[in-house]
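Input: a single structure, listed below in structure tokens.
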Amino acid sequence: MDSILSQSIVLPLLLLLVSSYASAHIPRLGVQRRASQNKPEQASTSGRLATFYYKQPLDHFNYLPQSYDTFDQRYIIDFKHWQGVNPNAPIVVFFGAEGDIDNDISLVDFPIRFASRYKAMLVYLEHRFYGKSVPFGSIKKAMKNASVRGHLNSAQALADHAEVLLHIKKMFASQTSPIIVIGGSYGGMLASWFRLKYPHIALGALASSAPILYFDNITPQDGYYSIVSKSFKETSQTCYETIRRSWAEIDRIAKNKPEGLMILSKRFKTCEKLNGSHELKNHLDKVLTSAAQYNNPHEKPVRGICAAIDEAARKNSDVIEQVVAGVVAFMGERDCYDVFESGHPDNPIDPFTWQEYSEIVMPIGVSGKDKDSMFPTAPFDFNKFKKDCKALYGVSPNPHWITTFYGGQDLKLILHRFGSNIIFSNGLKDPYSSGGVLHNISESIVAIPTAEGSHCLDLQEGMEDDPEWLISQRKAEMDIIDAWISKYYADLLQSNQTLGAH
């Protein structure tokens with residue numbers, strides 16, 4: 001039987017924050033699940049895509065000698081639907097995030113539908129330090145150099161995008177072609193921030209599953225894990241209770257040293273001998289949070305895990321065997337299971353580890369205040385986080401910079417005064433929706449939440465058995481963008497007529 005993972009595209013990368021059970025982690029963002037050993041099939045794009053490189057300065061905001069160093073930022077243009085230079089043809093831009101842009105091209109479909117509708121040029125922008133857009137050609141070399149990795153941040157990435165989009169308009173399109181930017185997860189945050197910082201370049205933004213409010217304690221730290229627990233509890237009370245009991249049982253077995261860890265390694269079929277129960281619990285945490293974050297209506301991974309756990313319970317299996325069954329249902333039958341498959345915790349060479357430890361500081365944890373949580377208490381400890389950051393990189397994180405630079409506090413009060421043309425879409429099954437914009441801010445900064453939606457589901461390819469609410473969500477997003485573009489063309493016509501009169 002195919003596993004849930006094999007039916008999915010990829011398993012998420014997750015950054016672990018060691019705590020009371022070494023598992024209060026910041027789940028890696030991303031449009032879909034990513035796995036080091038399960039890369040998605042590349043979409044059939046023969047003759048459709050053209051790859052370009054733009055010489056970006058390492059530093060857009062300084063004039064020290066090193067700031068003039070450059071690197072090649074990759075961008076890919078889909079010309080399939082574009083009908084040549086035309087002031088009425090929009091440019092739709094997908095913002096890559098913490099990964100290779102090739103993967104995003106395979107995963108997202110909404111930008112393609114948009115390009116088809118408007119005969120638009122479709123551009124995919126790769127984020128600096130990811131994919132092939134790496135300074136000095138080696139991510140290892142770049143990340144080990146403190147003066148280089150300091151240039152990996154969201155503001156520099158947005159400035160990259162601003163430069164290359166103006167270049168694209170000059171080289172390929174009309175200066176009056178409106179630009180719509182789209183992104184999911186961290187890329188969705190970038191899209192919304194780009195519209196706020198560069199309104200002269202982007203007419204509007206679609207930000208899917210963008211937790212822009214999970215900073216600076218705007219959102220309670222328990223928000224993410226509370227939704228995970230709720231998803232499992234609503235799916236199966238018995239499954240939820242089994243998972244809730246399993247943590248203590250793992251610790252009980254592990255205390256019998258050294259036999260306990262050997263027993264757990266054998267029962268969970270780990271590829272390497274466990275060095276501590278925290279390694280196993282971190283692994284289980286990843287499985288459970290990933291299933292909840294990407295709990296889409298087609299695969300229903302939470303239901304798959306719980307069905308396996310409950311079936312094992314009916315066979316009078318013990319708690320450990322029940323949980324093992326859930327892991328196998330999600331990951332598929334394997335000879336062994338690598339507890340670090342999604343990446344080793346606190347890997348200093350991983351660029352998003354640096355971003356999380358510097359500016360993307362999301363205080364996600366299990367404080368113990370949520371009495372319905374199926375996870376053991378593991379609060380976000382900033383002092384511990386700061387210590388780990390200094391140990392890894394020799395610097396301290398800046399937990400307030402995101403809200404200082406982009407805003408977030410009193411968002412509705414502030415943004416309705418000057419912001420416009422942003423769609424925030426969120427599936428409420430997605431744990432990250434707890435940090436998303438779920439209510440309209442103004443007539444043109446709108447929220448589209450869906451009760452059964454999951455992380456970035458609206459951006460993915462439509463399927464024949466898509467539920468009606470998902471079809472309606474995508475239509476609503478397109479209708480809103482239609483209105484933006486229509487108004488832009490009306491304003492452009494009026495502007496041209498005024499200029500002509502003079």
Summarise the accessible area of region 66-171 (1.4 Å probe, protein heavy atoms) by the percent that is carbon and sulfur.
49 percent
Amide H neighbours of ILE448 at under 5 Å, excluding residues fewer than 5 places away on the same chain, with H built from the backbone geometry, are PHE424, SER425, ASN426
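Figure the gain on full extension for PHE418 and LEU438 (residue separation times 0.36 nm, minus the Cα-Cα span) and round it to one decimal in nm.
Working: separation 20, 0.36 × 20 = 7.20 nm, distance 1.90 nm.
Contour length minus the Cα-Cα distance gives 5.3 nm.
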When a/c reaches 1.5 or more, the comparison of a/b and b/c decides; with that in mind, is region 38-178 rounded, prolate or oblate per its Cα gyration tensor?
oblate
Share of antiparallel DSSP beta bridges in the chain, in percent to the nearest 5?
40 percent
Size of region 376-502 along its principal axes in angstrom, Cα-based, largest extent first?
64, 48, 27
When the accessible area of region 260-317 is split by element with a 1.4 Å probe, what percent falls to carbon and sulfur?
49 percent
If a cysteine in the chain has no other Cys Cβ under 4.7 Å from its own Cβ, put it on the list, ordered by number.
CYS389, CYS456
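Mind checking the per residue accessible area of the chain for me, 1.4 Å probe, whole number of Å²?
On the way: 20780 Å² over 502 residues.
Per-residue value: 41 Å².
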Determine the share of region 351-478's accessible area contributed by carbon and sulfur atoms, expressed in whole percent, with a 1.4 angstrom probe.
54 percent
Computed ³J(HN,Hα) along region 265-278: with the Karplus parameters 6.51/-1.76/1.60, θ = phi - 60°, integer Hz and x for glycine or proline, the list is 4, 5, 5, 8, 6, 6, 5, 10, 4, 5, 8, x, 5, 4
For CYS271, residues with placed amide H under 5 Å, excluding near neighbours
TYR337, ASP338, VAL339
Which distance in nm do the two modelled labels at ILE471 and VAL395 give, with both placed 7 Å along the Cα-to-Cβ direction?
5.0 nm
What is the Cα convex hull volume of the chain when expressed per residue in Å³?
155 Å³
Could you tell me the largest-minus-smallest coordinate of the C-alpha atoms of region 455-502 on each of the three principal axes, in descending order and whole angstroms?
56, 17, 15
Could you tell me whether region 354-442 comes out rounded, prolate or oblate from its Cα gyration tensor? Rule is a ≥ b ≥ c as square roots of the eigenvalues, rounded for a/c under 1.5, then prolate if a/b exceeds b/c, otherwise oblate.
oblate
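Considering only the other residues whose Cβ falls under 15 Å of the Cβ of PHE215, what net charge follows from Lys and Arg at +1 and Asp and Glu at -1? List each step's numbers first, then the result.
Details: positive: none; negative: ASP216, GLU356, GLU359, ASP410.
Its environment carries a net charge of -4.
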Relative to the longest principal Cα axis of the chain, at what angle does helix 186-197 sit, 0 to 90 degrees, rounded to 10?
30 degrees
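Quick check on region 184-331: what does the Kirkwood estimate of hydrodynamic radius come out to from the alpha carbon pairs, in Å?
Details: mean 1/r = 0.0572 Å⁻¹.
17.5 Å is the Kirkwood radius here.
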Under 14 Å by backbone N from the virtual spin label 7 Å along Cα-to-Cβ at SER174, the residues of region 87-113 are 87-91
Taking r as the C-beta separation of MET262 and HIS200 and R0 as 51 Å, the FRET efficiency to the nearest 0.05 is 0.25
Can you tell me the 0 to 90 degree angle between the C-alpha axis of helix 237-254 and the longest principal axis of the chain, rounded to 10?
60 degrees
Zone of ASP335's modelled label, taken as backbone nitrogen in region 269-305 under 13 Å from a point 7 Å along Cα→Cβ
271-272
Quick P(r) readout (region 304-363; Cα-Cα; 10 Å bins; whole %) gives 20, 30, 21, 23, 5
Looking at region 327-391, I'd like the Rg to Rh ratio, where Rg is from alpha-carbon atoms and Rh is Kirkwood's inverse mean 1/r.
1.06
Starting at 0 and stepping by 10 Å, how many percent of the alpha carbon pairs of region 295-419 end up in each bin?
10, 22, 29, 25, 11, 2, 0
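The values are calculated or read from the model by the stated rules, or taken from the named source; none is laboratory data. Everything numeric in this text was worked out from a predicted model, so none of it was measured. When we count neighbours, we look across all protein chains shown, and the Cβ atoms used for this are built from the backbone with ideal geometry, even at glycine. Surface accessibility is based on the protein's heavy atoms, side chains included, excluding ligands, DNA and RNA. Shrake-Rupley method; radii C 1.70, N 1.55, O 1.52, S 1.80 Å.
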